[in-house]
Amino acid sequence: MTSVSAYTATAADAPLEKVTIERRELGPKDVLIKVEYAGICHSDIHTARNEWGGTNYPVVPGHEIAGIVAEIGSDVTGHKVGDRVGVGCFVDSCGKCEACLAGEEQYCIEGVTGTYNAGLPDGSITQGGYSTHIVVTEGFVLRIPEGIELDVAAPLLCAGITLYSPLKHWGAGPGKKVAIIGLGGLGHVGVKIAHALGAEVTVLSQTLSKEEDGKRLGADHYYATSDEKTFEKLAGEFDLIINTVSAKIDMDKHMSLLAINGSLVILGLPSEPIEVQGFTLAANRRSLAGSMVGGIAQTQEMLDFCAEHHIGAEIETISAEQINEAYERVLKSDVRYRFVIDAKTF
């Protein structure tokens, strides 16, 4: 076992605190990663505060991890010491179910192993990237290409693939009109990727306060959903709408913006049930769908795509001592657009 510094949540109502945790000894197929940067995802906050239920305390959050290979196991062939690498939302899967064999480990039928808060066969719980080091099985370590700095690459391991996967699945590209609901930690990356894929991109936001940013990042159009005229003007407009916000929205009104055979994809996870009228779906043969990150192969594809198109997250770098403050600022939408922790401060 190796002792490393980390920040952990010990209870739903307790601030994260600095501790020492144990990482497993390196196995033949394992990679020891020196964490350089760890992004803060809203999922980290939900888990740390047990807002989804099922949190196993104490837990170290963090599944947007960028770092350098420090050591490899004897049978590792895909990575070497000194490589720039990343780890996303999961660190293992069964490897033999239909989903895994199709390269969609995120939908593993036996249950994917999350980077943190996931039970292991020995009874221990996975601990995430708010730490100086992490040990991960070779097959779940991603290569971060040259052309993306590690700090702006970290959020791509969750936010990037969360947007890239549905954009690819639903065919975003030239000739397609795509709307992104929310220009936040997820949405801003989605705008960049959808633009690079060649789609005509519209941001739908509560207000026009971030319009300048949205257009700078690649949006062709920007509309305020607080203005009722928006829904009149854009009725039947979009082939694909991606909802990145966790707050409850009027689903019928937003789905009225879909063209024939259009799809609205849910990425943000509100605590309340999602409500939509049957007629809203029937009209224009609309679809309401969901999506959850992407498999390892697609995540690597996304990183390569982002390097080719010079896409990284818009970040604010913080020290580990600022994590609790950053959590509160995320809840107030007081960040443009992703917090990234400098792991040298753990």
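The values are calculated or read from the model by the stated rules, or taken from the named source; none is laboratory data. If you're wondering where the values come from, they're calculated on a predicted model, not measured in any experiment. Note that each Cβ is placed from the backbone with ideal geometry, even for glycine, and that neighbours are counted across all protein chains shown.
Kindly provide the set of residues from the range 334-346 that are in a loop (DSSP other than H, G, I, E, B) and surrounded by fewer than 17 Cβ atoms within 10 Å (Cβ to Cβ), ordered by number.
Asp334, Arg336
What number of residues in the range 319-343 are of a type outside the set (Phe, Trp, Tyr) and in contact (Cβ under 8 Å) with a residue 60 or more places away in the chain?
14
Residues Tyr107, Tyr116: which one is surrounded by fewer than 19 Cβ atoms within 10 Å (Cβ to Cβ), closer than 26 Å to Pro61 by Cβ and touching a residue at least 12 places away in the same chain (Cβ under 8 Å)?
Tyr107
Scan Thr8, Thr55 and give me the residue that is out of contact with any helix residue (DSSP H, G or I) (no Cβ under 8 Å at 6 or more places or on another chain) and either hydroxyl-bearing (Ser, Thr, Tyr) or free of Cβ contacts under 8 Å to residues at least 24 places away in the same chain (or both).
Thr8
Pick from Gly62, Gly128: which is modelled with pLDDT of 95 or more, touching a Pro at 6+ places or on another chain (Cβ under 6 Å) and of a type outside the set (Val, Ile, Thr)?
Of Gly62, Gly128, the one residue that is modelled with pLDDT of 95 or more, touching a Pro at 6+ places or on another chain (Cβ under 6 Å) and of a type outside the set (Val, Ile, Thr) is Gly128.
Of all residues in the range 8-38, count the ones that are in contact with a strand residue (DSSP E or B) (Cβ under 9 Å, 6 or more places away or on another chain) and under 20 Å from Trp52 (Cα atoms).
Residues in the range 8-38 being in contact with a strand residue (DSSP E or B) (Cβ under 9 Å, 6 or more places away or on another chain) and under 20 Å from Trp52 (Cα atoms): 5 in total.
Restricting to the range 192-203, count the residues that are outside any helix (DSSP H, G or I), in contact with a strand residue (DSSP E or B) (Cβ under 6 Å, 6 or more places away or on another chain) and not hydrophobic (A, V, I, L, M, F, W, C).
Within the range 192-203, residues that are outside any helix (DSSP H, G or I), in contact with a strand residue (DSSP E or B) (Cβ under 6 Å, 6 or more places away or on another chain) and not hydrophobic (A, V, I, L, M, F, W, C) number 2.
Name the strands (runs of 3 or more DSSP E) wholly inside the range 1-113 in which the number of residues that are assigned by TED's automatic domain parsing to the domain that holds Ala320 and more than 19 Å from Gln298 (Cβ to Cβ) is 3 or more.
Output list reads 2-8, 17-23, 30-39, 65-72.
Go through the range 254-285 residue by residue and tally those that are farther than 21 Å from Trp170 by Cα and more than 26 Å from the chain's Cα centre (by Cα).
Selection size over the range 254-285: 3.
Just to verify a result, which residue in the range 311-333, among those that are at pLDDT below 95 and in a loop (DSSP other than H, G, I, E, B), is farthest from the chain's Cα centre (by Cα)?
Going through the qualifying residues, I end up with Lys332.
Being farther than 19 Å from Leu269 by Cα and either surrounded by fewer than 21 Cβ atoms within 10 Å (Cβ to Cβ) or not polar (S, T, N, Q) (or both) narrows it down to one of Ile65, Ile45, so name that one.
Ile65 is the lone residue from the list that is farther than 19 Å from Leu269 by Cα and either surrounded by fewer than 21 Cβ atoms within 10 Å (Cβ to Cβ) or not polar (S, T, N, Q) (or both).
Go over the candidates Lys210, Lys176 one by one and state the one that is closer than 24 Å to Thr280 by Cα, over 20 Å from the mean Cα position of the chain (by Cα) and touching a residue at least 12 places away in the same chain (Cβ under 8 Å).
Lys176
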